[in-house]
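The values are calculated or read from the model by the stated rules, or taken from the named source; none is laboratory data. As the structure is a prediction and not an experimental result, all values here were calculated from the model. Don't worry about glycine lacking a Cβ; one is built from the backbone with ideal geometry, like all the others, and counts go over all protein chains shown. Keep in mind that these areas ignore ligands, DNA and RNA; they rest on the heavy atoms of the full protein, side chains included. Shrake-Rupley method; radii C 1.70, N 1.55, O 1.52, S 1.80 Å.
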Amino acid sequence: MAENFDVIVIGGGPGGYVCALRAAQLGLKAACVESRGALGGTCTNVGCIPSKALLQSSHFFEEANHGFAAHGIKVSKVELDLATMMARKDDVVKQNTSGIEFLLKKNKVAYLKGYGRIAKASRGAHEVAVKDDAGQETTYVTKYVVIATGSDVTSLPGITIDEKSVVSSTGALKLPKVPKSMVVIGAGVIGLEMGSVWRRLGTDVTVVEFLDFILPPMDGEVRKQMQRILEKQGMKFKLGHKVTEAKPGKDGVAVKIEPAKGGAAESLTADVVLVAVGRGPFTKGLGLDTAGVTVSKRGFVEVDSHLQTNVEGIFAIGDVIGGQMLAHKAEEEGVAVAEILAGQPGHVNYDVIAGVVYTWPEVAGIGKTEEQLKEAGIAYNVGKFPFTANGRARANGDTDGFAKILADQATDRVLGCHIVGPEAGDLIMEVAVAMEFGASSEDIARTCHAHPQLGEVVKEAALAANKRALHI
Ligand code: FAD
Ligand code: NAI
């Protein structure tokens, strides 16, 4: 038996490494087990970070091709060097993963490289076995275990992801050349972000979505507007359709689609098919059975309001417990668990977690949508303001979209905010702070916003919720 710890976190993603860091800050002896050879999890290695690197690079490419001329900048021939773009992306990932390793060292968190499993659940002295790449297993004793093993790609029946012509997001982040055509299955976040990257680089992208609309969890008005904008950019949509087959052949991938409500099948052909129909919990080889940890029907680890599983001293956070599969949600849960273990009142406010889609323009939402408020029978005021009426957006040449604030009709408390527009993801954070403080829309409206800024759109939307917008 090797060293003893207060807490061993299994999984080094944004949930896991942040939990270990916070636990160490609070004086607990902490370890983080990670098997992929680099810290940062899905997010840093094959998710948030590489996708944003490619979104940024492809945005520059699109601007150079189509955006500069309006500013009086003539570019004679814009050429794509995909290998350099990909190498830059890999470098950005490396900077981030090594940065996290440095943070663990600095905070004296033991980084246990290898595959972790709960070998024995025993109150106050759980055992975690870690198998390294050479197959050597070492067992550690720990008061607490935190499961932070994240999520994995899911596919559809009959569709095999080979990461060559039928790819998941992981394959879509490293295609060796720009495909002529791509069918994206699923108009969720991955479908629209990765679809945008390749469309900007020259691919003809068709998105097939089972539902009658894109971006299911977002506000209805935002979804419609975003679809129009993406169509204007050249993305095609086949809504209300499901893919029943995707077979790679010598002329590309033959894709069969059918109307979701029944009807005649259609065939499409594409160089590449991206499967982006959601992700599932990852708990393979984790020893949940041995430990007696309960999972839901869909395999998510079940936790109580303190993020503890049914087994005392074993907690779980992040994608593996479901809910919003977002890095910042996982991080908040990591912090909350560390604080609970240190005897503090750790807590996550699930009502104030922003969802952001990093297309251009961006889409961002926080709190309740109009549909949710209607369903709950809550009377609300709506304040809306378009980017076309914002001076900075006009100066930038980025006027697509709007901001919408939803406030309780009786108390004026902000219940939600939804933005389509340039930098929507950053703009929504002032509303997150306002909501965390229980602010009213008048509080936002009376806060002096610097001019000329895109954030004035949020202020004007707050003014509009009280029927007193100034610039429209
Ligand atoms: P993960 O990040 O999945 O980390 C779990 C880690 O545990 C993995 O590194 C895995 O190797 C390790 N592991 C698993 N089992 C074991 C074991 N038994 N032993 C040792 N190690 C183990 N979210 C956002 O908020 N913003 C974004 O912009 C964003 N973009 C995304 C883009 C893509 C393409 C994808 C796929 C996801 C994106 N996400 C984004 C979602 C985000 O990546 C996840 O919500 C987040 O990574 C979840 O964190 P986690 O710590 O729960 O799990
Ligand atoms: P998603 O849940 O966002 O979207 C999946 C889409 O596929 C849905 O619109 C769904 O209706 C559709 N779908 C499901 N089955 C289908 C079928 N048979 N045929 C056609 N369409 C079908 O999942 P996605 O995009 O795979 O992303 C996974 C997770 O990663 C998400 O939960 C998301 O939170 C996270 N992520 C977050 C990002 C961000 O925060 N910017 C970026 C990328 C991913």
Identify the residue in region 201-214 that is in contact with a Leu (Cβ under 8 Å, 6 or more places away or on another chain) and assigned to a loop (DSSP other than H, G, I, E, B) and, among all such residues, is farthest from ligand 2 (Cβ to nearest atom). 202
Residue 321 - would you say it is closer than 14 Å to residue 151 by Cβ and buried (at least 22 other Cβ atoms within 10 Å of the Cβ)? yes
Answer from 256, 329, 261 - the residue that is surrounded by 20 or more Cβ atoms within 10 Å (Cβ to Cβ) and within 16 Å of ligand 2 (Cβ to nearest atom): 329
Looking only at region 69-79, decide whether some residue is under 25 Å from residue 422 (Cβ atoms), of a type in the set (Val, Ile, Thr) and within 16 Å of ligand 2 (Cβ to nearest atom). no
Can you name every residue in region 220-248 that is more than 9 Å from ligand 2 (Cβ to nearest atom), open to solvent by 50 Å² or more (accessible area, probe 1.4 Å) and within 18 Å of residue 161 (Cα to Cα)? 245, 247, 248
Taking region 311-340, which residues are of a type in the set (Val, Ile, Thr) and over 22 Å from residue 124 (Cα atoms)? 320, 321
Can you name every residue in region 144-200 that is within 12 Å of ligand 1 (Cβ to nearest atom), open to solvent by 20 Å² or more (accessible area, probe 1.4 Å) and in a helix (DSSP H, G or I)? 170, 189, 190
Which residue pairs have Cβ atoms closer than 7 Å, lie 6 or more positions apart in sequence or on different chains, and pair a first residue in region 27-55 that is closer than 13 Å to residue 11 by Cα with a second residue that is modelled with pLDDT under 95 and surrounded by 24 or more Cβ atoms within 10 Å (Cβ to Cβ)? none
Checklist (1) out of contact with any Ser or Thr (no Cβ under 9 Å at 6 or more places or on another chain); (2) within 16 Å of ligand 2 (Cβ to nearest atom); (3) open to solvent by 40 Å² or more (accessible area, probe 1.4 Å); (4) outside any helix (DSSP H, G or I) applied to residue 217, failing item: (1)
Can you confirm whether residue 290 is among the hydroxyl-bearing types (Ser, Thr, Tyr) and either under 20 Å from residue 366 (Cβ atoms) or not in a loop (DSSP other than H, G, I, E, B) (or both)? yes
Unique match (being under 26 Å from residue 356 (Cβ atoms) and of a type in the set (Asp, Glu)) among 231, 266: 231
